[in-house]
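The structure under discussion appears below in the form of structure tokens.
The values are calculated or read from the model by the stated rules, or taken from the named source; none is laboratory data. Note that this is a predicted model, so its numbers are computed, not measured. With ideal geometry, Cβ positions are generated from the backbone for all residues, glycine too; neighbour counts draw on all protein chains shown. The area values use the complete protein model at the heavy-atom level, side chains included, leaving out ligands, DNA and RNA. Shrake-Rupley method; radii C 1.70, N 1.55, O 1.52, S 1.80 Å.
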Amino acid sequence: MTAARIHPTAIIAPDAEIAGNVEIGAFAIIGEGCTIGAGSIIAPRATLERNVTLGDSVMVGIGSILGGAPQDLKYAGEETSVEIGDGTVIREYVTVNRGTSHSFKTTVGNNCLLMSYVHIAHDCRLGNNVILSNVVQLAGHVTIEDRAILSGLSAVHQFARIGHHSFIGGMSRVSKDIPPFLKAVGNPVKLYGLNTIGLQRSGIDEGTIRELKRAYRLLFRSDLNVTQAIERAQTEIEPLPEVLELIRFVEASERGVVI
């Protein structure tokens, strides 16, 4: 394994763990309790403040700050952390804050793309293959499931949940949960049908997409209340895993779902 390439102006804490084939640029800071996986690249002037774990082949862009203290007045100095999965790309000036005693960590999954100026607050949980476009802002405790895409300048309220394979258009204000497989946009945000293109790109077959469209119309575009719509969906629509997941998401929502 190739040795790490560390610029002489970088500042590295004595207890930091750095795998082979890592590149750390000029004036970067790697703080206490940090671990950097093999093949990762830390650009110049990036900071891993403390208790940050990077998987393999992670890229951290210029000026980004990972592992800063949570911006939560209830935080009392507990030892909390940030975890970033393999293959994730973090572009310029992104901030990812550590967790609080609520969950003790903020996590970003594998193969995500966080574009410039994204902010991820304390206790957020991102799945795999998530894309956050430029200047997306996540408040604390937000959950974003696999393969969701948030377009630029969108903001998400604390504790909101965004289902997988969903797509949120630019400049949206997300204050409620976004169910999986759907498109949403606006201020306030509204649903605009199935994320058909995203589903097709992910290899979801046409039969499943057809049943999801039927479920969408029953749950969100009928005159039925939520309970009635779920009952109808459970009896009239083929119980495919994706359909059942959509129904369960609506049933489990604590903030309420966008319509």
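Assorted remarks:
- Label-point separation, Ser103 to Thr196 (7 Å along Cα→Cβ), nm: 3.4
- Pairwise centroid distance, computed over Cα atoms, of the stretch 174-210 with the stretch 13-67, Å: 35
- Sorting Arg125, Arg91 on solvent-accessible area from highest to lowest, probe radius 1.4 Å, gives Arg125, Arg91.
- Per-residue extension of 0.36 nm, minus the Cα-Cα distance of Leu153 and Leu73, leaves a gain of 26.3 nm for this segment.
- Here the stretch 1-104 is assigned +1 on the Cβ of each Lys and Arg and -1 on the Cβ of each Asp and Glu. Its dipole about the Cα centre then comes out at about 280 debye.
- Hydrophobic, long helices, defined as DSSP H runs whose alpha-carbon span along the helix axis is 18 Å or greater and whose mean Kyte-Doolittle value is at least -0.5, occur in the chain at 206-220.
- Charge-dipole axis of the chain as Lys and Arg at +1 and Asp and Glu at -1 on Cβ define it, positive-most pick from Pro239, Gly99, Gly25: Pro239
- Residue-normalised accessible area of the stretch 183-253, expressed per residue, 1.4 Å probe, Å²: 57
- Under a Gaussian network description of the chain, with springs only between Cα atoms under 10 Å, the residue in Glu206, Glu83, Glu23 that fluctuates furthest is Glu206.
- Potential extension, Arg214-Glu251 segment - 0.36 nm per residue separation minus Cα distance: 11.6 nm
- Classified by the C-alpha gyration tensor, the chain has a prolate form. Its axis ratio a/c, with a ≥ b ≥ c, is 1.5 or above, and a/b is larger than b/c.
- Residue among Arg217, Arg161, Arg50 with the largest mean-square fluctuation in a Gaussian network model of the chain, springs linking Cα atoms under 10 Å: Arg217
- Straightening the chain between Glu206 and Ala13 buys 64.2 nm, computed as 0.36 nm per residue apart minus the Cα-Cα spacing.
- Rounded to the nearest 20, the size of the Cβ-charge dipole of the stretch 175-259 about its Cα centre is 400 debye, with Lys and Arg at +1 and Asp and Glu at -1.
- Shape of the stretch 1-51, Cα gyration tensor, a/c cut at 1.5: oblate
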